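Chemist: Questions regarding the structure given below will be posed in turn.
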Amino acid sequence: MYAYAPRLLLGYGAFEKATAKEHHVDERLKALAETKAAAIVNCEFCCDIASSIAREAGITEAQPACASALPRER
């Protein structure tokens, strides 16, 4: 998609960068949400990246990272 609309990729990148700067939610909670989303879509690549981000945010191996142990949405 982005090969056909490279400006769309630039816009999406700017959107991602802007939302990443927001600090209204605790970084650890954001990392857990990212790992849960990766697990829901069952994307191994996304799980790998999200797990790395979670470790950087201070989430330990004892805490659920990219696994079904995280609570399902209500």
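The values are calculated or read from the model by the stated rules, or taken from the named source; none is laboratory data. Predicted model only: the values in this text are computed from it and were never measured. Heads up, the Cβs are rebuilt from the backbone with ideal geometry, glycines too, and the neighbour counts pull from every protein chain shown.
Chemist: Considering only residues that are at pLDDT 85 or above and under 30 Å from residue 59 (Cα atoms), which ones fall in the stretch 1-25?
Modeler: Once the filter is applied, which keeps residues that are at pLDDT 85 or above and under 30 Å from residue 59 (Cα atoms), the stretch 1-25 yields 12, 13, 14, 15, 16, 17, 18.
Chemist: Tell me yes or no: at least one residue of the stretch 26-36 is at pLDDT below 85 and over 18 Å from residue 58 (Cα atoms).
Modeler: Within the stretch 26-36 (the criterion being at pLDDT below 85 and over 18 Å from residue 58 (Cα atoms)), the answer is no, since none of the residues qualifies.
Chemist: Anything in the stretch 1-56 that is assigned to a loop (DSSP other than H, G, I, E, B) and surrounded by 13 or more Cβ atoms within 10 Å (Cβ to Cβ)? List them, or say none.
Modeler: The answer is 43, and nothing else.
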